[in-house]
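A.B. asks: First the structure, which I've put down as structure tokens, then a few questions once you've had a look.
Each value in this text was obtained by applying a stated rule to the coordinates, not by laboratory testing. Quantities reported herein were computed from a predicted structural model and do not represent experimental measurements. In this analysis, Cβ positions are derived from the backbone assuming ideal geometry, glycine residues included, and neighbour counts consider all displayed protein chains.
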Amino acid sequence: MEIKLEKQEKSTAIVTIIVPSKEVEQQLQHTLAHLAEETTVKGFRKGKAPLNLVKNSLDPQRLKEKTITHLLGHAIDQAVKDLKLKVIANPHLTKEDTSKPDWIFTLEFPLYPEFELGDYQTKITVAIAKAKSENDDKKLKLVFDTLLNSVKMDIPEALVSEEVNRSLGRLVSQTETLNLSVTDYLKSINRTAEQLREEYQKTATESLTLDFLLFAIAKDMKLTVSEDEVKSLQGAADVKTENRPYLESILLKRKAVDTLLKL
């Protein structure tokens, strides 16, 4: 298997994976053997039919799709390891060519943005002092605006798109609840679909940027989260292992915000 980094920009790595024909055939046979264990062929007990009969009974497209899934699973792990990619989300398959003996795939890997925090504490302290506001909401907006204006980073387009699609999904649900079509809703707020998407993109980009910044600030300030704090947020004595990183990130960002407001 050959793994090539085509380019890396805007927190996205574009990777080409070439699987030679020999490896393709090996994986096809491996997938076939796996599927044979759960396939029933007339005249044989489940999982006991010869592979050639199992292959004849299977949809060729299903065998191919399963093989691709297995190949890509291995290839993705190998690409992350070999190229030392700091991946933040699942890669997206953008191109696939399985028409020739060697199979070729192109994937886009969303990466953690690289950025420098700089002297953010001084900038926030000065901004708050100039504003002379005691209103916490206004101070919070000032903190966020200062961070967004002073630290630049590229957010992976894939993450922004996911956020935009989630927002659009919520909008559809809300309009359906009100017995409105999205078209009628857009007319009522004097927006086109494109304008709304652009607004969602801007909001998503700023929200994701702040998430990365606050998490980095929490790390810079050496803020920590206790077990009791995690349990309190979860509202249960036992916290599921898979939920812990998410809950800890929420608490760390909250602590970062609280600390920044006191500067």
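A.B. asks: Under 5 Å between amide H atoms, partner at least 5 residues away or on a different chain: which partners does Thr39 have, H built in plane at 1.01 Å?
C.D. replies: So Thr39 has HN proximity to Gly47.
A.B. asks: Another question, if that's okay. What are the ³J(HN,Hα) values, in whole Hz, obtained from phi via the Karplus relation 6.51 cos²θ - 1.76 cosθ + 1.60 with θ = phi - 60°, for each residue of segment 20-29 in sequence order, with x given for Gly and Pro?
C.D. replies: Working through the residues one at a time gives x, 4, 4, 5, 4, 5, 4, 5, 4, 5 Hz.
A.B. asks: Okay, next question. For log10 I(q)/I(0) by the Debye sum over Cα atoms at q = 0.08, 0.13, 0.14 Å⁻¹, pick the label among (i) -0.42, -0.90, -0.99; (ii) -0.31, -0.85, -0.99; (iii) -0.55, -1.08, -1.14 that corresponds to the value derived from the coordinates.
C.D. replies: (iii)
A.B. asks: Same structure again: Find how many whole Å separate the alpha carbon centroid of segment 1-20 from the alpha carbon centroid of segment 61-78.
C.D. replies: 16
A.B. asks: Once you put a point 7 Å from the Cα of Lys187 and another 7 Å from the Cα of Thr125, both along the Cβ direction, what distance in nm separates them?
C.D. replies: Reported label-point gap for Lys187 and Thr125 is 5.6 nm.
A.B. asks: Here's a follow-up. Under a 5 Å amide H to amide H cut-off, with H placed in plane at 1.01 Å, what residues pair with Ala13 once short-range neighbours are removed?
C.D. replies: Phe109, Leu111
A.B. asks: Along segment 258-263, what does the Karplus equation 6.51 cos²θ - 1.76 cosθ + 1.60 (θ = phi - 60°) give for ³J(HN,Hα), rounded to whole Hz, x for Gly and Pro?
C.D. replies: Computed from phi, the couplings for segment 258-263 are 4, 5, 5, 5, 8, 5 Hz.
A.B. asks: Would you mind checking the pairs Lys123/Lys255; Lys81/Lys222; Lys123/Lys262; Lys202/Lys222; Lys7/Lys86; Lys7/Lys81 and listing those with alpha carbons more than 22 angstrom apart?
C.D. replies: Over 22 Å Cα-Cα: Lys81/Lys222; Lys202/Lys222.
A.B. asks: Summing -39500 (n - 2.57) over the DSSP H runs of n ≥ 4 in the chain and dividing by its residue number, what mean residue ellipticity at 222 nm do you reach, to the nearest 500 deg cm²/dmol?
C.D. replies: Rounded to the nearest 500, the figure is -19500 deg cm²/dmol.
A.B. asks: How would you classify segment 197-263 from its alpha-carbon gyration tensor, with a ≥ b ≥ c the square roots of the eigenvalues: rounded for a/c under 1.5, else prolate if a/b is greater than b/c, otherwise oblate?
C.D. replies: Oblate is the answer for segment 197-263, as a/c is 1.5 or above yet b/c matches or exceeds a/b.
A.B. asks: Through the Karplus equation 6.51 cos²θ - 1.76 cosθ + 1.60, θ set to phi - 60°, convert the phi angles of segment 215-232 into ³J(HN,Hα) values in whole Hz; use x for Gly and Pro.
C.D. replies: For segment 215-232, the Karplus curve yields 5, 5, 5, 4, 5, 4, 7, 6, 6, 10, 10, 8, 4, 5, 5, 5, 5, 5 Hz.
A.B. asks: Using only the alpha-carbon atoms, how far is helix 120-131 inclined from the longest principal axis of the chain? Give it as 0 to 90 degrees, nearest 10.
C.D. replies: Result, in degrees: 40.
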